[in-house]
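In what follows, a single structure is set out as structure tokens and then discussed.
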Amino acid sequence: MDRLSAEYILGIDSSTSGTKACLWTLEGELTASGSAPHSVERPHPGWAEQEASWDGALFRALEQLFSQTDIQPEQIAAVGITHQRHSFVPVDASFRPLSRAILWNDVRCQAEIDFLAEAIGKEKLYRTTGIPPGPWSLAKILWLKGNRPELFARTHKFLLVHDYLVYHLTGELCTTESSASAMGCLDILNRRRWAEPVLSALEIPVDKFVPSIRPAGTVLGRIIPEAARATGLKEGTPVIAAAGDQVCGCLAAGLVKPGQVGVNSGTSLTFQTLTVDPTFDPDCHYILEISPLGCYAAETVVFSGVSDLCEWYRRVFAGLEEQQAQQTGVSVWEVIFAETAAVPPGSEGLMVFPFFQGVQAPYWSNDARGMLIGLSTAHTRHHAARAILEGLAYEARRQIELLESGTGNAIDEILLYGGGARNRLWCQILASVTGRKVKASAQTEATALGAAMCAAWGIKRFQSLEEAVASMGAPYEVFLPDRALFEFYDRLYHQVYQPFYGRVQDLDALRTRLSSFGVSSTT
């Protein structure tokens, strides 16, 4: 089909750092894209806020997209939106923001988390909403209620990023099942209803949330005239319900059935596996969200991921590699990982625990920090680099085993996307440490692609969402476990990695005390 007579799907990803608009064919080819940055404000320790100018960022991203292509607005058949989850903004009755948005990584609400556990009960909240007490939207809304009561009283609605954008594009006030489930106050068993008993007990009016919760693939609304003028999109173009960023990314990576785990290997390591029924973990080790496929997604996370720790390594240790890369004209990562690959498996007795920003399941300690264990004068920075990759793989194995234990489903396939999927050394280490096949996606815009898949399915270009994933999914590289290495890593995992942190967790309090001491000097 001729390029100028073909139809395209627009996938929008409004993330923490920026908005990206991507134009896809029905075969999953990225034909044009545009982006605009967001800034994050941190007015106090532990806070993370953002101006709710997401609509303006989207308009700029689309302006850039249309400047790079001769594809016409009438060729765009549908729009799908994915977004940073948990982040929300309070708005007044005219839908103007009353304050900056509170972001997903804001941790000001520890007192409210403790209150939720006491007032509602950890297990009761988990079995009602799929999400135990934690730094999710619900706890931050409670913080506003207690600390900004005037603002709370003036709030007409608490809008997720997705809801805010949909309102500005279509004039409709609605959200998706997947997006709502991440807030921590949706009735997970009655997925189009808010958990009214929980909200009532907390004295949070349910009418402060959007009234319409819709499944993926349904039409949320159509582009209104004002939005058409601002964006360049054609008036009447349908906007289709999709899901949050990690859910869409896993979908684009091919997560369509139990027995697989989708892994976002970027700034954090996020793990999702599917379960037909809402299978609750007895120890609340994972959260449950609603998948665009109609089933449930069980999710765990490691806050410090491959991209995050590799970037830390580059910044702290790789000055010589930076110089070599500049002199030879190759990527600094190519230099770093060529040297890292030469280090023997096991890093000659060096091990990293990747809890640089705390740890969630199974230890649940915000005070935890990364550890480098076994250091000797024989080790070099290259040993540390390999130990980081191995430590992340050990922790990935633990998270996968937690998901297996809770859901009762064996997982034999890892679907990898994000920055780590382009690190072939880590992909092979991951396969050999976990003993599982790894499929590393070549797609660099997986979240936006997942939203586009939902949109294409929603306008009946595919008979099912699974068919959309099969047709539009990116190629991937397969990494199989080295059986001899698996046996070697298996001993290290069971005999050292798995039991170690549990035995030293009590030292977190001492480490926290250590960090409270300032460094002074005299001259």
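The values are calculated or read from the model by the stated rules, or taken from the named source; none is laboratory data. Computed from a predicted model, the values in this text were never measured in an experiment. Cβ coordinates were reconstructed from backbone atoms using ideal geometry, including for glycine residues, and neighbour counts include every protein chain displayed.
Scanning region 1-51 for residues that are hydrophobic (A, V, I, L, M, F, W, C) and either more than 27 Å from residue 470 (Cα to Cα) or surrounded by fewer than 16 Cβ atoms within 10 Å (Cβ to Cβ) (or both) yields a count of 7.
Given the criterion modelled with pLDDT under 95 and out of contact with any Gly (no Cβ under 8 Å at 6 or more places or on another chain), identify the matching residue among 33, 17, 53. Result of the check over 33, 17, 53: 17. Inspection of region 161-171 finds no residue satisfying the criterion of being surrounded by fewer than 16 Cβ atoms within 10 Å (Cβ to Cβ), in a helix (DSSP H, G or I), in the same structural domain as residue 104 (by TED's automatic domain parsing) and touching a Ser or Thr at 6+ places or on another chain (Cβ under 9 Å).
Considering every residue within region 181-192, establish whether at least one is assigned by TED's automatic domain parsing to the domain that holds residue 54 and assigned to a helix (DSSP H, G or I). Checking region 181-192: at least one residue is assigned by TED's automatic domain parsing to the domain that holds residue 54 and assigned to a helix (DSSP H, G or I). If the condition is being among the small types (Gly, Ala, Ser) and either under 23 Å from residue 209 (Cα atoms) or surrounded by fewer than 23 Cβ atoms within 10 Å (Cβ to Cβ) (or both), then region 58-77 contributes 67, 77.
In region 228-248, the residue that is nearest to the chain's Cα centre (by Cα) out of those that are within 18 Å of residue 14 (Cα to Cα) and part of a helix (DSSP H, G or I) is 246.
If you filter region 351-365 down to residues that are out of contact with any Ser or Thr (no Cβ under 6 Å at 6 or more places or on another chain) and under 19 Å from residue 428 (Cβ atoms), you find that the one that is surrounded by the fewest Cβ atoms within 10 Å (Cβ to Cβ) is 351. May I ask you to verify whether residue 218 is closer than 30 Å to residue 477 by Cα, touching a Gly at 6+ places or on another chain (Cβ under 7 Å) and hydroxyl-bearing (Ser, Thr, Tyr)? Judged against the criteria, residue 218 is not a match.
Scanning region 114-156 for residues that are under 21 Å from residue 298 (Cα atoms), crowded, with 20+ Cβ neighbours inside 10 Å and of a type in the set (A, V, I, L, M, F, W, C) gives 125, 131, 136, 138, 139.
Please state which one of 336, 373 is surrounded by fewer than 18 Cβ atoms within 10 Å (Cβ to Cβ) and either modelled with pLDDT of 95 or more or farther than 30 Å from residue 178 by Cα (or both).
Testing whether each residue is surrounded by fewer than 18 Cβ atoms within 10 Å (Cβ to Cβ) and either modelled with pLDDT of 95 or more or farther than 30 Å from residue 178 by Cα (or both) leaves just 373.
Is there a residue in region 193-201 that is touching a residue at least 24 places away in the same chain (Cβ under 8 Å), more than 20 Å from the chain's Cα centre (by Cα) and farther than 20 Å from residue 113 by Cα?
no
Checked against (1) in contact with a Phe, Trp or Tyr (Cβ under 8 Å, 6 or more places away or on another chain); (2) without any contact (Cβ under 8 Å) to a residue 40 or more places away in the chain; (3) not in a strand (DSSP E or B), residue 45 meets all criteria but (1).
Before we move on, is residue 427 under 30 Å from residue 219 (Cα atoms) and touching a residue at least 40 places away in the same chain (Cβ under 8 Å)?
no
Are any of the residues in region 142-163 of a type in the set (Gly, Ala, Ser), at pLDDT below 95, out of contact with any Leu (no Cβ under 6 Å at 6 or more places or on another chain) and more than 19 Å from residue 53 (Cα to Cα)? Working first, answer last.
Looking only at region 142-163, we keep the residues that are of a type in the set (Gly, Ala, Ser), and these are 146, 153.
Then keep just the ones that are at pLDDT below 95; that gives none.
No, that holds for no residue.
The condition (being in contact with a helix residue (DSSP H, G or I) (Cβ under 9 Å, 6 or more places away or on another chain) and assigned by TED's automatic domain parsing to the domain that holds residue 235) is satisfied by just one residue among 57, 78: 78. Restricting attention to region 341-387, the residues being without any contact (Cβ under 8 Å) to a residue 40 or more places away in the chain and at positive phi number 4.
With region 269-358 as the region, which helices (runs of 4 or more DSSP H) entirely inside it contain at least 1 residues that are under 25 Å from the mean Cα position of the chain (by Cα) and assigned by TED's automatic domain parsing to the domain that holds residue 466?
In region 269-358, 306-317, 332-341 are the helices (runs of 4 or more DSSP H) which contain 1 or more residues that are under 25 Å from the mean Cα position of the chain (by Cα) and assigned by TED's automatic domain parsing to the domain that holds residue 466.
Taking region 48-81 as the range and being of a type in the set (D, E, K, R), closer than 22 Å to residue 159 by Cβ and outside any strand (DSSP E or B) as the test, the residues that pass are 51, 55, 60. The set of residues in region 32-58 that are in contact with a strand residue (DSSP E or B) (Cβ under 6 Å, 6 or more places away or on another chain) and aliphatic (A, V, I, L, M) comprises 32, 36, 40, 52, 57, 58.
Please work out if residue 368 is touching a Phe, Trp or Tyr at 6+ places or on another chain (Cβ under 7 Å), buried (at least 19 other Cβ atoms within 10 Å of the Cβ) and in a loop (DSSP other than H, G, I, E, B).
Taking the combined requirement at face value, the residue satisfies it.
Residues considered: 466, 390, 487, 395. Of these, the only one that is free of Cβ contacts under 8 Å to residues at least 12 places away in the same chain and in a helix (DSSP H, G or I) is 487. Out of 328, 275, one residue alone is out of contact with any His (no Cβ under 6 Å at 6 or more places or on another chain) and closer than 30 Å to residue 129 by Cβ. It is 275.
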